[in-house]
Each structure stands twice: as C-alpha cells, then as structure tokens.
1. For the pair Leu210/Ser144, report the inter-label distance in nm, with labels modelled 7 Å from Cα in the Cβ direction.
2. Solvent-accessible area per residue for the chain at a 1.4 Å probe radius, Å²?
3. GNM on the chain, C-alpha springs below 10 Å: top fluctuator among Met178, Met82, Met113?
4. Checking a compactness column here: for the stretch 1-149, what do you get for Rg(Cα) / (2.2 N^0.38 Å), N being the number of residues?
5. Over the residues of the chain, compute the C-alpha Rg and express it relative to 2.2 N^0.38 Å.
6. State the extension gain, in nm to one decimal, for the chain segment bounded by Leu202 and Tyr245, taking 0.36 nm per residue of separation less the distance between their alpha-carbons.
7. May I ask you to compute the full-extension gain from Val17 to Val337, defined as 0.36 nm times their residue separation minus their alpha-carbon distance, rounded to one decimal in nm?
8. Where is the GNM fluctuation largest for the chain (alpha-carbon springs, 10 angstrom cutoff): Val326, Val48, Val183?
Amino acid sequence: MQPFHYSRPPSLAEAIVASARDQNRTPDVTSAFLAGGTTLVDLMKLNVMQPSRVVDLNPSAREFSSIRFDGSVLRLGAFAKMATAADHPDVVNHFPVIAQSLALAASAQLRNMATLGGNVLQRTRCAYFRDPSWTACNKRSPGSGCAAIGGANRQHAVLGSSEHCIATYHGDFGQALMALDAVVALVGPDGARSIPFASLHLLPGRTPHLETNLRKGEIITEILVPAGPWTRRSRYVKVRDRQSYEFSVASVAVALDLEGDIVNDVRIALGGLATVPWRAFDAEQRLQGKELNETSATEAARAAFAGAVAHSHNAFKTKVGQAAIVRALLETAALEVRRG
Ligand SMILES: Cc1cc2nc3c(=O)[nH]c(=O)nc-3n(C[C@H](O)[C@H](O)[C@H](O)COP(=O)(O)OP(=O)(O)OC[C@H]3O[C@@H](n4cnc5c(N)ncnc54)[C@H](O)[C@@H]3O)c2cc1C
Ligand code: SF4
C-alpha cells in the first residue's frame, strides 16, 4: 500500500473541501472518500487504487444513515449499512427485491460494515484489474489493452461490453435500484443535485477507466426509490457458483404489476451479465399487456440477450441468464401479495 494522507472531517461540507484541497495546485493529488472501506481498502492494499488523500466520511455519516418510507418514496441514507437496509421492515415488506438483493450479497460481516453508497460504487472483480502484475488493463491503465478478452473470461460480461473492456459490474443492490427507477441524491463542490440511478454508471466504450457520472468531489447522500403497483410483487434471483458468500454468475431483479395473469407493468434488471447494472427493456416490452406464463417468459428472456456478445469462456452465461429470467418472472408472479 502507498502512503496517503488521512482525514476525518466533522461534516460533509468540510469533507468536500478536504477532498479538493491541493488538487488545483498539484494535479498528482488524488482523493478518495472512505465509507465502510470494504472496496477501497482492499484495492489500496492491492495497489490498484492509490489515492494520496483519503477522506473518511464516517464522522458526517449519521445525518445520512437513516431509512424512511412515507408511503410513496423510500429514502435510503447512503451511509446506512447493507445489513440494516436488508432487515428494515419497510424495505422487507414494501420493496422485497431491495431487501433480497442486499441479503444475498457478500457475507454477514461485510454487510455489517459496508454502506449503500459504497455498494453502488464498488469496482469490478475482474482478476486482471485487481492484479497490477497484469499490465494490460484499460480500466486500471488507459490504453494498455485488455488481458481478459483473450484470457480467462468466464466471469465477464456478455452485455454492454466493448472491444476495450468486458468487465462485469458485480453488485447486487444496483439491479434492484435499476428495476425500480431509483434516483441518486448527490452533494458536491457545486451544490446538490439528483440523477437517475440508471445514469450513474457509464458503459465502458473506449474509456473503461471512466466508470460513473459523479463529478469530482461529489458524495452520494441518499438513494430515493418511488413506490408503485409493482414494488411489493418484486423478487431478486441470484445464480452463483456456491450458495453463499459469492458474486453472481447471473442475477435478475423483477418487479411486477399483474391483473390476473396479465402484465400491467414489469421491470427486469440483470446482474453478473453486463458491464453496468442492466435494464432489460426489450424483455419488458415483450411482456407488456400479455399473459405471463412459461412461454411468454421464455420469449422475453430470449429478447433480453438479443445483443449479447460472448468471449471464449462465457457463452454459457446467456443460457444461465435466460433461465434465471424465466425463473424470476414465474416466481414473482406466484407471490402472494397483500394490498395496502
Ligand atoms: C469478499 C467480498 C465479497 C463481496 N460480495 C459481494 C456480493 O456478493 N454482492 C455485492 O453486491 N457486493 C459484494 N461485495 C462488495 C461489497 O458489497 C462492497 O465492497 C461494499 O458494499 C462497499 O461499501 P463500503 O461502504 O465498504 O464502500 P468503500 O469501500 O468505503 O467505498 C467504495 C467506493 O465508493 C466510494 N464511496 C463510498 N461511499 C461514498 C459516498 N457516499 N459518496 C461518494 N463516494 C463514496 C469510495 O471512495 C470508494 O471508491 C463483496 C466484497 C468483498 C470484499
Ligand atoms: S475486462 Fe476491463 S477490467 Fe478486465 S482486464 Fe479488460 S480492461 Fe481491465
């Protein structure tokens, strides 16, 4: 790990100032915010992230660590722990897909430590990215190439990739937020703003080192999720190589509004399969206004992978992903949902 300067400002305003300090005078100064540290400290130990300044947000976190639901919008403080959100009665009862996506992530110890804001900003688990002895990684070192494209790519993305990077976005919570049209509240040097969660992550394109739409020094303060007729009938299905403490091979967040067997509204987001949290709009369109059964679910699942691009070891992901979509849709349709 490289030496770095550590500070614990007492407020978010001071954290924003601390993060920008010296950056205009010395372009080499790079800052990182610290929340639970379960991504950041890992990557600093591996010398993948080498900030010269670490600004600890925990002293100012209390203000943004609550979870509130007023019947129309769920407000998730960015510094709420994953475990707290996964167990919160309003999340469990009104937004089960969110609770399940968090409960199925990582381990109990990690969920007690890690925050919601940090979770959505976790970095890829691509082994070449996480090991600097591999020189070819466009995400870590722009212009150096991509070792995964001709290498071991079983875990890599089949959707949203480019010829410069095929790394998967591995988070779980992000798929639930994607399906439910969440909004991210931010504060930074230029004040406060909100952006759709769907625009937080950037496709790799030619610039895989640019991962989010956050501006320099911006902090996520809250994640807002609107309630709708589909939020209660929602579910998260995660397929992985072992049943616990493992990232997904494929995951599906589904939210459904049904009238009898007919689909009034459906939201489908995919994880473990794409370079960013991925909304399967083509699959959703196939189901809109139709009867939901195994045949229509299978057609929708095929549509979700119409643009998939496989590499040497990951072609199986399309089949696994399609099966996961069918399972998630049918299981969600079969849920008993209380109104009110
Ligand atoms: C062994 C292991 C297994 C895991 N398994 C899973 C899994 O199955 N599913 C899953 O979804 N995740 C998994 N994770 C990832 C884990 O969930 C994330 O590491 C965690 O959620 C990150 O949150 P944190 O608070 O620790 O973030 P930190 O490590 O503190 O920060 C992560 C990044 O976000 C930035 N940041 C943090 N908070 C903010 C904020 N509020 N505003 C702006 N920037 C911020 C930091 O600067 C840093 O770049 C796993 C991690 C490990 C180590
Ligand atoms: S897939 Fe992306 S992160 Fe992995 S080696 Fe290639 S460029 Fe780097």
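1. Placing both labels 7 Å along Cα→Cβ, they lie 2.0 nm apart.
2. 45
3. Maximum fluctuation in the GNM of the chain, among the listed residues, is at Met113.
4. 1.20
5. For the chain, the normalised Cα radius of gyration is 0.99.
6. 12.8 nm
7. Once the chain is fully extended between Val17 and Val337, it gains 110.5 nm.
8. Fluctuation is largest for Val48.
The values are calculated or read from the model by the stated rules, or taken from the named source; none is laboratory data. What you see is a predicted model, and the numbers here were worked out from it, not measured in a lab. Cβ: placed from backbone, ideal geometry, glycine included. Neighbour counts: every protein chain shown. SASA here: full protein model, heavy atoms, side chains in, ligands and nucleic acids out. Shrake-Rupley method; radii C 1.70, N 1.55, O 1.52, S 1.80 Å.
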